[in-house]
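What follows is a short report on a single structure.
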Amino acid sequence: MAMEDKKKVVILGAGFGGLRVARLIAKKLRRLGLINRYEIVLIDRNGYQTYTPLLYEVATTSKQTANACKLLSVATYPLSHLVSSLPVTLLTKEIKGIDLIEGDIHFADSTTLVFDHLIIALGSEINYFNIPGLAEHSIPLKTFHDAVRIRDTVWSLAMEGVKDINIVVGGAGPTGVEIAAEFKEWCGELEQEFKKCRLHVTLIEGNQTVLPGFDTRVIAHATKRLKKLNIEIFTGERIEEVSMRAATLKSGRRVPFDVCVWSGGVKVPSLLADMPLEKESRGRPLAQGIMECLPQSPDLKLRSRIFGLGDCICFNDPETGKPIPSVARAALTQAGIVAHNIVEDIKSAESSTYHPRHIIYDPHSHPYVIPIGGKYAIAQLGVIYFKGLSGWILKGLVELNYLFSIMPPHRALRIWLKGLWIFIQNDRLG
Ligand SMILES: Cc1cc2nc3c(=O)[nH]c(=O)nc-3n(C[C@H](O)[C@H](O)[C@H](O)COP(=O)(O)OP(=O)(O)OC[C@H]3O[C@@H](n4cnc5c(N)ncnc54)[C@H](O)[C@@H]3O)c2cc1C
């Protein structure tokens, strides 16, 4: 069958969830002998996937230790390599619009693609909450380039001879806590390189504690650790305005800075804001049991069933009624559910006697690891907590496990060891 006659299973976004779902569907359809009738198209604006859990390390690695190319090779992985052995068509394009009724995907280069099955896995965008000056005067930590920009900015200040570099980190969720703590660890190395250069880090959080929403034991350990690292913490304080050199807080306090890192929130990609889908209060499409996003009104006829997964959708935990957290592990688990369900739909379309057996996503608490400076991390696996060096070792194993799941073992091991070699020089014990 000619490529253009094949039915298109289109996946928007090749992050954690999108890449996994593409790989799983490709393997399943190949096993079923259906790959000559279906084309799996994976679309992303970047030709690589970013391993976000390493970004805080990238942002705090001295230039002597690793140049940007070396860092790129351990924190980003070319998509063409990751799908090379699979029947997946990769499109490196910026998506500009999605017509769920006609079934058209519109790209920045003015081309379009028609889908027969659709999975939305577009992640999230930085949310600046319309705080005046914040977008202009802060650096987010979302992409590899953000991480390199943060490190280059601090490095340049040190090279210019600034002795006391003030860094403000806005938002004390996991990303804010990780980067704030790692700045302090980096400080030791910078001091050796640039005599008497010191980093002063202030962490600002609008909620009453750091790591809002986490278990109280985790919050207590993290707070103690951050204080031990001499990080100044302001909780219950919102950033109201940011100028070129200072953040003004709700209480009126002014916190001067040389570098402001914003890790205070994300929002649904603007591309999805006008989708005629059922949404939650923060504007994310709501995904139901089988990870399907339903149309805004029951009489609205969409081109096909729409599946969504990962950070760009909201899935409410049926037990608690609360949205499940936006973490990589959730996106990966949901990808498995979506792959199964979409292949069931395909099997049923191929045979009128086949009754699809969909599975329902049953969210459970996902394990997590929060590194807090050097070889120290807090991790939770089920009911077991790890903290200190054991948490840090677990973090390394989680990274290796992820790499094994997306590339051949020899390549995964090589990249992991390279990363370990670079970042171990940053991560001091204690
Ligand atoms: C600094 C940082 C550290 C983190 N650390 C952890 C951690 O330790 N553990 C953890 O579980 N989670 C962590 N996370 C969260 C984790 O990265 C997300 O939960 C996860 O990436 C969500 O996966 P996803 O597939 O939904 O979206 P993403 O992985 O964000 O993928 C979305 C993809 O869509 C693409 N895309 C978006 N819009 C367009 C468009 N218009 N056109 C084309 N392509 C587009 C993007 O390029 C991207 O590749 C971290 C996040 C950050 C920012």
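All of the numbers you see were taken from the coordinates with simple rules; none came from a lab. The shown structure was predicted, so the numbers you read here are calculated from the model rather than taken from an experiment. Here Cβ is always computed from backbone atoms with ideal geometry, including for glycine, and neighbour counts include all displayed protein chains.
Can you give the extra length, in nm with one decimal, that the chain gains between GLU4 and ARG303 once fully stretched, where that is 0.36 nm per residue apart less the Cα-Cα distance? Spell out each step's value before the answer.
On the way: separation 299, 0.36 × 299 = 107.64 nm, distance 1.80 nm.
Difference between extended and current length: 105.8 nm.
Suppose the chain between THR235 and ILE384 were pulled fully straight at 0.36 nm per residue; how much longer would it get relative to their current alpha carbon spacing?
Numbers: separation 149, 0.36 × 149 = 53.64 nm, distance 2.75 nm.
Result for the pair: 50.9 nm of gain on full extension.
Please list, short to long, the whole-number percent of alpha-carbon pairs of the chain in consecutive 20 angstrom bins beginning at zero.
Answer for the chain: a P(r) of 25, 55, 19, 1 percent.
Report the full-extension gain for the segment GLU319 to ALA108: residue separation times 0.36 nm, less the Cα-Cα distance, to one decimal in nm. Present the calculation step by step, with values, prior to reporting the outcome.
Numbers: separation 211, 0.36 × 211 = 75.96 nm, distance 4.12 nm.
That works out to 71.8 nm of additional length.
Taking R0 as 30 Å, what's the FRET efficiency between ARG30 and GLN208 from their Cβ-Cβ distance, rounded to 0.05? Can you show the working numbers first?
Working: r = 52 Å, r/R0 = 1.72.
Result of the calculation: an efficiency of 0.05.
For the chain, find the longest principal axis of its Cα atoms and tell me its angle to the long axis of helix 389-406, 0 to 90°, nearest 10.
With both axes taken from Cα atoms, the answer is about 30 degrees.
Send over the semi-axes of the range 290-362's equivalent ellipsoid, whole angstrom and largest first, taken as the square roots of 5 times the C-alpha gyration tensor eigenvalues.
24, 16, 11
Using 7 Å Cα-to-Cβ label points, what is the ARG37/SER84 separation (nm, one decimal)?
Placing both labels 7 Å beyond Cα along the Cβ direction yields 3.2 nm.
Taking the Cβ-Cβ separation of LYS250 and ARG282 as r and a Förster radius of 22 Å, what is the calculated FRET efficiency to the nearest 0.05? Intermediate values should be presented prior to the final figure.
Working: r = 22 Å, r/R0 = 0.98.
About 0.55, to the nearest 0.05.
Once the Cα gyration tensor of the range 239-293 is diagonalised, what are the square roots of 5 times its eigenvalues, in whole Å and ordered largest first, as equivalent ellipsoid semi-axes?
37, 11, 10
If the limit is 24 Å between Cα atoms, which of LYS250/LYS279; LYS195/LYS387; LYS6/LYS347; LYS395/LYS418; LYS96/LYS301 go over it?
Pairs exceeding the cut-off: LYS250/LYS279; LYS195/LYS387.
Just want to confirm a number: the relative contact order over the range 41-192, from Cα pairs under 8 angstrom separated by 6+ residues, in percent.
Reported relative contact order: 31 percent.
Could you state the angle between the C-alpha long axis of helix 216-228 and the longest principal axis of the C-alpha atoms of the chain, as a value from 0 to 90 degrees rounded to the nearest 10?
Result, in degrees: 40.
Determine the distance separating the Cα centre of the range 1-46 from the Cα centre of the range 62-95; give it in Å without decimals.
Going from one Cα centre to the other spans 19 Å.
For the range 201-353, what relative contact order do you get, as a whole percent, if you take Cα pairs closer than 8 Å and at least 6 residues apart?
Normalised by residue count, the contact order of the range 201-353 is 13 percent.
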